[in-house]
Amino acid sequence: MSRREKYRALALEAEAEKILVEPDAPRIEVLRNTWERQRGFIGFLKEDHHTELGRRFLVTAFVMFLLAGLAALLLRIQLARPEHRFLSPDLYNQLFTVHGSTMMFLFAVPVMQAFGIYFVPLMVGCRNVAFPRLLAYSYFCYLTACVLLWAGLFTNTGPDAGWFAYTPLSGPGFSAGKRVDVWAQMITFSEISGLGVAVNLIVTILKHRAPGMSLDRLPLFVWSHLITSFMVVFSMPSIVAASSMLASDRLVGTHFFNQAEMGDSLLYQHLFWFFAHPEVYIIFLPALGIVSAVITTSTQRPIVGYLPIVLSMIATAFIGFGVWVHHMFATGLPQIGHSFFTAASMMIVVPTGVQFFCWIATIWAGKPRYTTAFIFILGFFVNFLCGGLSGVMLAAVPINMQVHDTFFVVAHLHYVLIGGMLFPLLAGCYHWLPKLTGRLLSEPLGRLNFALIFVGFNLVFFPMHQLGYRGMPRRVWTYAGDRGWSSLNLLATVGAFILGLGVLVFLINVARSFKRGAATGDDPWRGDSLEWTTSSPPPPHNFDHLPTAAGRYASWDRAPDQPIVTGLRADKRELLVTNLLDAEPDHRIIEPGPAIAPFFAALITAITFIGLIFTPWALVVGVVLAMFALIGWFWPQGRPNELLEEQP
Amino acid sequence: MRTLDVRELPSTAHGARDPLSWGVLMLIAIEGMLFALLAVAWIYVRSNYDTWAPQTIGRPAFTAEVVCVGALVASGVVELLGIRAARREKLRPMQVYTTLATLLGLVAIAARVYELPRIQFRWDTNAHGSVFWGTLFMHSLHVLAGTFENGVFAALLFLGPVEKKHPTDLENNGFYWLFVVLSWLPLFALLYLERLFFPK
């Protein structure tokens, strides 16, 4: 074929495609109108799209991170030198409790879920989450938790019994006033929110995947959220039980944890840690998903050991439920308990190790691009490994007893959580924020950001291992100058400010990108999953045509003529339901659309549980109000959709 | 450009094909876990006692609870029939069974209302009382909410317009009610019967 003929054929092909695509243009306008964001203040309250709500979760969680970080700086100033009187002991107690509670319940879990809310529907190729109104409700409950805890602190009612609020300290006998009640109800709100999001993600992943995306083609990031969400479902009831029992001990005089009336303080610890140990993995598994996603994209090759990685994550989830007692080694357990939970805790090294080696092999076999996101992943390797190793030490009972409740534990948990979660999170931000905003973050600023955070973080927390060995108890308000803890504490405080500076650089980078960031285009990294096949930021309806998947890396594996889904209604918020294993198209459903009812339901939840801090009768009021809200939520409104043949 | 046309696919589906049924299943997992943990708390607290049970429930309260359990089980059977009717999308039996399940739910609630003031110990008597009342309270909330939902559904089926998706919703609602009924049976055995057959 001559060159001219070839061009002619190509031009004809392009023309033919235009004919196919062009009649769609008005349809896409209709689609855009159907899914258009809500406007105005009422619209803000009614909004139920996952990208908008994901953004809100993300922003709120980062605000919480900053506030809790500021609290940590105050704590570090207090500990910078011996006999310091910068904070009063009472304020110190409130600050470390609010710092820990915020970081665990209001930042780490929600921020990971925020990534899931935003990206899971995009990665599985659908237009919204399965239960958008539930998502809206979850957001307002989460917001209530944030406001409640921090309003408590600012009105001198900040919880002060530590982030795990052990009884009997947190019980009615030793914690008068309403501080612990604020904590308990904050837990209620944040857990309602966490559960709502988890259910949403599970059903979105199981039932709304793009045709062709069978379970074995699910991106690893999505797998991590699926597994995490199941962990949320099975672990969070435990903390709901613990905090409700604690609240009722304090409010109506029950004796769940009152030793004098045959209750049991250890029951509280069991219930708390049966949730809170899995929580570590609830925070950590989505981070692993981020690591896998960033490594795949950065090395531009399929991940080594997809199946072992998935199985390792599932194994981690299962084992994660069987190790909670290692937080309670100092409570006088029987010997067999020690042995069992030591073994279980050490066993978790195996699946984590498998994943590490898979990632290393992927990097080894690929040609990594050293983007800021990738460098943060390398930081994760180093720091999380340190945290993992001190974890193995803590799993051994003799060492555990020696360093129990010392700064060694503080060092370990920060290495695991900051190393294992914050580094991947920031990698995720550098990787995916361009998808949210359409603007690239600055790479030089990113490198500075990494350097400051890496150095600062290690300066704060590495000396704490040593402080723990030297016997410095955690949560201590101040210390005498002759204990040998002074210089290491000063070093840690200096590190904290460097870490804070690193976070500031990150904020500057994000703010700068809005104004001066280079436009990203749809796919700045040549990413492997479906979110990169739509515009940045995505249109209100996510995809002009719902995609189909031809392989594990749906964006890379696309055939030149990869089929698109047609035949969904554009004038209604219609979603495609696919079947569980193979994602074959099954049926179509119409989403109910935005409504104010979820906001009111959240408001009623807020009135009820905040009321419960003061009087048990709030529950009666709440139940009655909730019934009205639920009718508003569920009763069909507007023009009915398809009617049943028989009518009353 | 190749296309995958989904125009002809149905707009509703029954059973596990429906996404909401998975949502309800997850809700059941959450609530089921909560009940299981209450059972664990019961067993945990029991180990603190030398003699068990420290107080008796009292005959009137016990009898009322037996009536309550009977009403719940009956409503569960009716709800099963309602689910079958919903699968066949037959309006009349859906109306009848949903109404009947609501009425039986109301009987169960009435029995509980009669029972509560007649229990011979309070939640603040001791830890045994706390777990007993805590579990009973949590389950009663579920009975209340489930009966309310059944009632709302019955009203919808009589008032209309009944959409094509409503039978599926009714199935899911029935599924949840079955959980409320079935979850109580082991808890009832633990709270009310264990003290009779396994005292210490």
task = Kindly indicate whether any position in the range B:35-47 is over 16 Å from B:S183 (Cβ atoms), within 11 Å of another protein chain (Cβ to nearest Cβ) and touching an Asp or Glu at 6+ places or on another chain (Cβ under 8 Å).
result = yes
task = Take the range A:201-233 and flag every residue that is part of a helix (DSSP H, G or I) and under 18 Å from A:P302 (Cα atoms).
result = A:L215, A:D216, A:R217, A:L220, A:F221, A:V222, A:W223, A:S224
ask   = Can you name the condition, by its number, that A:T204 falls short on among (1) surrounded by fewer than 24 Cβ atoms within 10 Å (Cβ to Cβ); (2) within 9 Å of another protein chain (Cβ to nearest Cβ)?
value = (1)
key: Odd one out for A:C358, checked against (1) out of contact with any Gly (no Cβ under 6 Å at 6 or more places or on another chain); (2) under 23 Å from A:L226 (Cβ atoms)   = (1)
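Every residue, every condition in (1) buried (at least 22 other Cβ atoms within 10 Å of the Cβ); (2) of a type outside the set (A, V, I, L, M); (3) at negative phi; (4) in a helix (DSSP H, G or I), yes or no:
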{"site": "A:F65", "(1), (2), (3), (4)": "no, yes, yes, yes"}
{"site": "A:L75", "(1), (2), (3), (4)": "no, no, yes, yes"}
{"site": "A:V98", "(1), (2), (3), (4)": "yes, no, yes, yes"}
{"site": "A:S101", "(1), (2), (3), (4)": "yes, yes, yes, yes"}
ask   = Looking at (1) within 14 Å of another protein chain (Cβ to nearest Cβ); (2) in contact with a Ser or Thr (Cβ under 9 Å, 6 or more places away or on another chain); (3) of a type in the set (F, W, Y), which is the one condition that is false for A:F230?
value = (2)
request  = Run A:L135 past the list (1) within 13 Å of chain B (Cβ to nearest Cβ); (2) surrounded by fewer than 24 Cβ atoms within 10 Å (Cβ to Cβ); (3) touching a Leu at 6+ places or on another chain (Cβ under 7 Å) and report the number of the one that doesn't hold.
outcome  = (2)
ask   = Considering the range B:69-91 alone, what residues qualify as being closer than 30 Å to B:T12 by Cα and either within 12 Å of another protein chain (Cβ to nearest Cβ) or of a type in the set (V, I, T) (or both)?
value = B:V73, B:V77, B:V78, B:I83, B:A85, B:A86, B:R88, B:E89, B:K90, B:L91
task = Take A:A241 and decide whether it is out of contact with any helix residue (DSSP H, G or I) (no Cβ under 6 Å at 6 or more places or on another chain) and either within 12 Å of another protein chain (Cβ to nearest Cβ) or touching a residue at least 24 places away in the same chain (Cβ under 8 Å) (or both).
result = no
request  = Considering only the range A:459-492, state which residues are touching a Pro at 6+ places or on another chain (Cβ under 6 Å) and within 18 Å of A:C386 (Cβ to Cβ).
outcome  = A:L488, A:L491, A:A492
remark   = Counted residues in the range B:81-123 being modelled with pLDDT of 95 or more and of a type in the set (D, E) come to 1
ask   = Of the residues B:S130, B:S140, which is under 17 Å from the mean Cα position of the chain (by Cα) and either assigned to a loop (DSSP other than H, G, I, E, B) or modelled with pLDDT of 95 or more (or both)?
value = B:S140
inquiry  = Looking only at the range B:1-34, filter to residues that are touching a Ser or Thr at 6+ places or on another chain (Cβ under 8 Å) and assigned to a loop (DSSP other than H, G, I, E, B); which one of those is farthest from the other protein chains (Cβ to nearest Cβ)?
reply    = B:H14
task = Restricting attention to the range B:53-102, report how many residues are of a type outside the set (V, I, T), more than 15 Å from B:I119 (Cβ to Cβ) and under 14 Å from the mean Cα position of the chain (by Cα).
result = 9
message = With the requirement that a residue be within 21 Å of A:E52 (Cβ to Cβ), free of Cβ contacts under 8 Å to residues at least 40 places away in the same chain and touching a helix residue (DSSP H, G or I) at 6+ places or on another chain (Cβ under 7 Å), what does the range A:520-549 give you?
response = A:D522
key: Close pairs (6 angstrom Cβ cut-off, 6 or more residues apart or separate chains): at pLDDT 95 or above in the range A:461-476, surrounded by 16 or more Cβ atoms within 10 Å (Cβ to Cβ) and in a loop (DSSP other than H, G, I, E, B) anywhere   = A:L467/A:W485; A:M472/A:W485
note = Residue set A:A361, A:A317, A:A373; condition aliphatic (A, V, I, L, M), under 15 Å from A:A293 (Cα atoms) and under 21 Å from the mean Cα position of the chain (by Cα); output residue A:A373
message = It is to be established whether one or more residues within the range A:625-642 are among the polar types (S, T, N, Q), touching a Lys or Arg at 6+ places or on another chain (Cβ under 8 Å) and either surrounded by 18 or more Cβ atoms within 10 Å (Cβ to Cβ) or at pLDDT 90 or above (or both).
response = no
query = Considering only residues of the range B:163-182 that are touching a Gly at 6+ places or on another chain (Cβ under 6 Å) and β-branched (V, I, T), which is nearest to the other protein chains (Cβ to nearest Cβ)?
reply = B:V180
query = Could you list, in sequence order, the residues of the range A:73-90 that are hydrophobic (A, V, I, L, M, F, W, C), within 31 Å of the chain's Cα centre (by Cα) and under 10 Å from A:W477 (Cα atoms)?
reply = A:L75, A:L79
key: Residue check, A:T520 farther than 28 Å from A:I290 by Cβ and of a type in the set (V, I, T)   = no
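Here is a yes/no grid of residues against (1) under 17 Å from the mean Cα position of the chain (by Cα); (2) basic (K, R); (3) more than 12 Å from chain A (Cβ to nearest Cβ):
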| position | (1), (2), (3) |
| --- | --- |
| B:Y114 | no, no, yes |
| B:R122 | no, yes, no |
| B:L157 | no, no, no |
| B:P161 | no, no, no |
| B:W184 | yes, no, yes |
task = Within the range B:92-101, identify whether any single residue is outside any helix (DSSP H, G or I) and more than 8 Å from chain A (Cβ to nearest Cβ), and answer yes or no.
result = no
note = If we keep only residues of the range A:441-477 that are under 12 Å from A:A411 (Cα atoms) and polar (S, T, N, Q), then the residue surrounded by the fewest Cβ atoms within 10 Å (Cβ to Cβ) is A:Q466
Restricting the range A:251-305 to residues that are of a type in the set (S, T, Y) and within 14 Å of chain B (Cβ to nearest Cβ), the residue that is surrounded by the most Cβ atoms within 10 Å (Cβ to Cβ) = A:T254
ask   = Mind checking whether some residue in the range B:154-168 is surrounded by fewer than 18 Cβ atoms within 10 Å (Cβ to Cβ) and within 25 Å of B:Y49 (Cα to Cα)?
value = no
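The values are calculated or read from the model by the stated rules, or taken from the named source; none is laboratory data. Keep in mind that this is a model prediction, so the values were computed, not measured. Methodologically, a virtual Cβ is constructed for each residue, glycine included, from the backbone with ideal geometry; neighbour enumeration extends over all protein chains shown.
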